[in-house]
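One structure is given here, and the rest of the page talks about it.
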Amino acid sequence: MPEACILGIETSCDETAAAVVRSGEKLLSNVVSSQIATHQPYGGVVPELASREHLRAIVPVVRQALAEAGQTYESVDALAVTQGPGLAGALLVGISYAKALAFALEKPLITVNHLEGHIHAVLLEERQKGAFQLDFPVLALVVSGGHTHLFLAEERECGWVYENIGRTRDDAAGEAYDKVAKLLGLGYPGGPVIDVLAKKGNPRAVKFGPAQIKHLNRGTPRDKQTPYDFSFSGIKTAVLRYVDLEDMRETIAARRNALSTLSRPRPEDVLPLCDRKTLDLIASFQRAVVHDLVSRTLQAAVERGARTLFVTGGVAANSELRETFDKEAGQAGLPVYFPSRRLSTDNAAMIAAAAYPKFLTGNFAEAEFSAEAALPLK
Ligand code: KG4
Ligand code: ZN
């Protein structure tokens, strides 16, 4: 198979990222410029600020990725860019830049679906480790701030094909982490801090009903129904109700106040500001979300005959999710793979890796393509 050094560019949300990957299996550089400090005061991503920050960062981030890889604009074989899904304005920054660069350098440009990128982050790292034998079909859970999707994936001669067999009906799992963290005054983003604090609480202290859809598929046309959908808005409301019932508002306000003086609070800063009741609530919230993600994914895997599991996206960095998947998939006799934590959250190495099979089949972008905020993966 011909080798190819691909420069990947990713600007779909709040990370400006560029990376160089050789032939989908060798990571040569991976640069991520995070905007967390910009969005932190708002407790979530502000789309206009995200576009502005991407504009500021894109040129130096690409330069650094090339330099760290020992490559130049001229030496790479192709460029790859995220076309969607994501924030339209944010995507457009990466797309305009990649188009201009590809045109000036006369190099092929490849468009990549962000969710396909998350799936290929797993492949990149497993291939990098050495001989990697994959049994198909693969069931991939892509679980992040914007998505909670289940895809059955196969590799065909024409490239990778995907069937979406489940998705969230409302909030993504990472969104639930971020909203609960905001509600409890824990800072932004919520996932990493809840991951650490949950270890200090009792996960059985607060009983949450299964975080599932009560009236499954009500109003959905029969041909679009799927038994593997998720729902996380109910648990967010349940946390809110618990906070009111247990009179936790005052301690939350005090914590929020104390953290507002820090530009980027770490979990170590937050822990001393949490009482037992808060830690128990956090641990119970996480246990309910993890249980729901793992049980529904394993049910889908068994019923749809998956031979391998991938768990990827920002929430795949979660320690309890990893441990529970390892244990329960192991019991079900299914091999389960995660990206390293660095490649779980948004990055451009995954975009460059996903582009390689398209490079091999000559699947290059038309000149006229644009950002697609809700681009489906097929
Ligand atoms: O994949 P990603 O970087 O961006 C999207 O495509 O959305 O995912 C970001 C999400 C955020 O919601 C963040 O709170 C969550 O991933 N996250 C985590 C952890 N690290 C990041 N959630 C749970 N545990 C973590 N350790
Ligand atoms: Zn993502």
What list of ³J(HN,Hα) couplings, whole Hz, do you get for the range 25-37 from phi and the Karplus terms 6.51, -1.76, 1.60, once you set θ to phi - 60° and write x for glycine and proline? 9, 10, 7, 9, 7, 8, 10, 10, 9, 8, 9, 3, 4
Whats the longest run of the chain with zero GluC sites (Glu not before Pro) that are DSSP loop and have at most 12 other Cβ atoms within 10 Å? 158-365
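Do me a favour and compute the ellipsoid semi-axes for the range 277-378 from its Cα gyration tensor, root of five times each eigenvalue, largest one first, whole Å. Don't skip to the end; give the middle numbers.
On the way: eigenvalues 199, 70, 35 Å².
Equivalent ellipsoid of the range 277-378: 32, 19, 13 Å, largest first.
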Under a plain spin-label model, where a point goes 7 Å from the Cα along Cα-to-Cβ, how far apart in nm are A131 and D244? 6.1
Report the far tail of the P(r) of the range 221-332, meaning the percent of Cα-Cα pairs longer than 26 Å. 37
From the backbone phi of the range 135-141, what are the Karplus-calculated ³J(HN,Hα) couplings (6.51 cos²θ - 1.76 cosθ + 1.60, θ = phi - 60°) in whole Hz, Gly and Pro given as x? 9, 9, x, 8, 9, 10, 9
So what is the relative contact order for the range 82-143, in percent, with contacts set as C-alpha pairs under 8 Å and at least six apart? 34
Show log10 I(q)/I(0) for the chain at q = 0.06, 0.09, 0.12 Å⁻¹, two decimals, from a solvent-free Debye sum over equal Cα scatterers. -0.23, -0.52, -0.92
List the residues whose amide H sits under 5 Å from the amide H of F230, counting only those 5 or more places along or on another chain, with H placed 1.01 Å from N in the peptide plane. R167, T168, R169
Hey, what did the chain get for relative contact order, percent, Cα under 8 Å, at least 6 apart? 27
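A short reminder: the numbers here are calculations on the coordinates, not readings from a lab. Since we're looking at a predicted model, the values are computed, not measured. Note that each Cβ is placed from the backbone with ideal geometry, even for glycine, and that neighbours are counted across all protein chains shown.
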